[in-house]
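As structure tokens, the structure follows; a few thoughts come after it.
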Amino acid sequence: MAAVRLCRCRCRALLSRVRGAPRALRGLAAGPEMHFGFQSVTEEERREKIYQVFESVAKKYDVMNDSMTLGIHRVWKDILVHKMNPSPGTLLLDVAGGTGDIAFRFINYVRAVRERQLQRKLKHHQNLSWQEIFENYQEDKSDSLGDSQVVVCDINREMLKVGKQKAQHLGYSEGLSWVLGNAEELPFDDDMFDVYTIAFGIRNVTRIDLALEEAYRVLKPGGRFLCLEFSHVSNPLLSRLYDLYSFQVIPVLGEVIAGDWKSYQYLVESIRRFPPQEELKAMIEDAGFFKVDYENLNFGIVAIHSGFKL
């Protein structure tokens, strides 16, 4: 119980470092013309339209992810967390992570690592009595995350609401907190997190450059940036098939399952507008990250970009 109280205290201490007042808002004026899918809009219009998209689809977001990708998005997210390879004690910020998919995987992964550590520890205590082994195991088991924490930050209240409901239903509470915040103006102190993840979210921020600068700012020196996002398929034949599926099937699924054709039409258009792998790599480097690389999954339908704050 003492370990549980310690974990809760640490979570509260972590959240106490959430800023009460953000820095001067950068890039929030109407600004130059931008794109919302294939439409030309101002920054302010783009921000409002994207907010409305996710407010509209929040309740069906996870169901649509399964339908659109035939469940493959689950594998992509598993690969992201395995690439992260978090250890007990890791502090993770998951941005645009409203429904909790990355956060829950992170918790499961750290718990599994922690369990293996406990098993190895018990093997080295062969001379202890059964009672001593049991007491030691129960004491260590009470802190199943080894002081790890994950903060889910999302700009959309409805997405966070869905994530909190999922967490409650699935029994996740330890080491997990939820913060309403903008990726372009994160409400956290500098040098705060070990890892920053953003899965299928950076494509929807208004200013990617500002989001990347904020990711760099809140990471500790040595911290890691990981981005999972739809990208560009290099194989011409597969690209044509992918376009056909995207434009002819996905909006129909959106209408049938979520009652929202327009939001999923925006989704497929926004993927085509998103920078290709090498261009995004250069943007991440421009934000200050080192050792930036990427891994294509399923021929580049999605890519995982990685970088380090040194």
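Rule-based calculations on the coordinates, nothing more; no lab input. Remember, it's a predicted structure, so these values are computed and weren't measured experimentally. Virtual Cβ from ideal backbone geometry, glycine too; neighbours counted across all protein chains shown.
A compact table of results
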quantity	calculated
Relative packing of peptides 74-84, 90-100 - highest average C-beta neighbours within 10 Å first	90-100, 74-84
Residue-count net charge about Arg272 - beta-carbon cut-off 15 Å; Lys, Arg +1, Asp, Glu -1	-1
Net charge, Glu295 excluded, C-beta distance under 13 Å - Lys, Arg +1, Asp, Glu -1	0
Sum of side-chain charges, Val81 neighbourhood, beta-carbon under 10 Å (Lys, Arg +1; Asp, Glu -1)	+1
Filter on Lys262/Lys291; Lys166/Lys291; Lys121/Lys281; Lys166/Lys220 - keep pairs with C-alpha separation over 32 Å	Lys262/Lys291; Lys166/Lys291; Lys121/Lys281
Built amide H within the under 5 Å cut-off of Ala96, gap 5+	Cys153, Asp154, Ile155
Inter-part distance where region 79-108 and region 205-275 are each reduced to a Cα centre, Å	19
Anisotropy class of region 145-219 from Cα gyration tensor, a/c 1.5 cut	oblate
